[in-house]
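K.L.:
Before I ask anything, here is the structure I am working with.
The values are calculated or read from the model by the stated rules, or taken from the named source; none is laboratory data. None of these values were measured; they are calculated from a predicted model. For neighbour counting, all protein chains shown are included, and Cβ atoms are generated from backbone atoms with ideal geometry for every residue, glycine included. Keep in mind that these areas ignore ligands, DNA and RNA; they rest on the heavy atoms of the full protein, side chains included. Shrake-Rupley method; radii C 1.70, N 1.55, O 1.52, S 1.80 Å.
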Amino acid sequence: MRRIWSKRSMVSMTAAGFALVSPRLAVAQMQPVQPPPAIMVSARGEVQVTPDRARVQVGVETQAKTAAIASQENNKKQTAILNAIRALGIPASQIQTLNYSVSPVQRYDEKERRTVIDGYRVSNIVQVETDKLEQAGQIIDAGLTNGANRVAGLDFLVKDRTKAQEAALAQAVATAKKQAEIAAQAAGGRVAELLELSINEYERPEPRPMMAMAKAESFDGGMPTPVAEGTTTVSVSVMTRWRFEKR
């Protein structure tokens with residue numbers, strides 16, 4: 001007797017066959033792929049560079065019974081300071097008002113049991129930048145001679161840090177590779193290749209010499225303010241991951 005297979009039965013058998021195979025494939029696909037053994041190392045490179053730009057912050061703080069009087073006195077002194085700084089040959093584009101504030105001078109009256117205002121304080125700070133490092137002390141002197149009673153900051157900067165950053169980066173990567181090789185050898189293997197590299201560039205903060213409030217009348221201008229730029233540190237840190245192979 002001849003058996004006739006219908007199209008429907010063939011489809012059913014194909015589906016059944018697929019049902020028998022698919023669970024095995026699913027199990028194989030669910031198995032996680034194990035990453036290759038790796039060594040992770042972080043390192044940092046540092047390069048010392050000589051600053052080529054100075055930033056000075058000088059200002060005036062005045063106090064009076066009214067805000068208007070305190071402001072007028074402050075404006076008069078600050079104008080004299082700015083004129084003296086410009087006389088050093090520093091262009092206006094390198095002189096910037098950094099902060100201007102007016103605030104009440106308050107105290108607590110024990111007898112009346114309330115806060116009272118004794119006057120007003122006005123503060124005006126300007127920031128000056130120069131490529132002539134020897135002018136940093138001259139700017140401070142010009143300010144103090146003409147009524148400044150605050151030197152809020154003195155910074156030495158590096159205008160172009162590109163070469164220093166590149167040298168620090170190369171040093172950091174070389175250090176990371178060397179440490180990875182030592183670790184791999186100690187573990188009975190070797191470093192095969194670099195798998196991952198991330199770079200985190202930053203410059204280590206340099207100390208900022210701060211000068212306390214100084215009375216202008218006590219500054220006679222006889223002795224120039226000495227400054228020393230020293231060096232600044234450009235630093236780059238990296239995180240690396242290296243493939244580890246057993247010998």
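K.L.:
Sort the stretch 33-138 into rounded, prolate or oblate with this rule: let a ≥ b ≥ c be the square roots of the eigenvalues of the Cα gyration tensor; rounded if a/c is under 1.5, and if a/c is not under 1.5, prolate when a/b is larger than b/c, oblate otherwise.
P.N.:
oblate
K.L.:
A further question follows. How large, in percent, is the carbon and sulfur part of the accessible surface of the stretch 64-127 at a probe radius of 1.4 Å?
P.N.:
Answer for the stretch 64-127: carbon and sulfur cover 49 percent of the accessible area.
K.L.:
Among 64-72, 126-134, 236-244, what's the highest-first ranking by average C-beta atoms within 10 angstrom per residue?
P.N.:
236-244, 126-134, 64-72
K.L.:
Next question, about the same structure. Rolling a 1.4 Å sphere over the protein heavy atoms, what is the accessible area per residue of the stretch 38-90, to the nearest Å²?
P.N.:
Spelled out: the 1.4 Å probe surface of the stretch 38-90, per residue, equals 49 Å².
K.L.:
Now, a different point. Cα gyration tensor of the stretch 103-202, axes a ≥ b ≥ c as square roots of the eigenvalues: rounded (a/c below 1.5), prolate (a/b > b/c) or oblate?
P.N.:
Taking the square roots of the gyration eigenvalues as a ≥ b ≥ c, the stretch 103-202 is oblate.
K.L.:
Still on this model: What net charge do the residues around I95 carry, taking every other residue with its C-beta under 11 Å from that of I95, with Lys and Arg at +1 and Asp and Glu at -1?
P.N.:
Its environment carries a net charge of 0.
K.L.:
Tell me, what HN-Hα J-couplings in whole Hz come from the Karplus equation 6.51 cos²θ - 1.76 cosθ + 1.60 at θ = phi - 60° for each residue of the stretch 42-50, using x for Gly and Pro?
P.N.:
Values, residue by residue: 10, 8, 9, x, 10, 10, 8, 10, 8 Hz.
K.L.:
Taking K and R as +1 and D and E as -1, what net charge do the other residues with C-beta under 15 Å from the C-beta of D118 add up to?
P.N.:
Net local charge, D118 excluded: +2.
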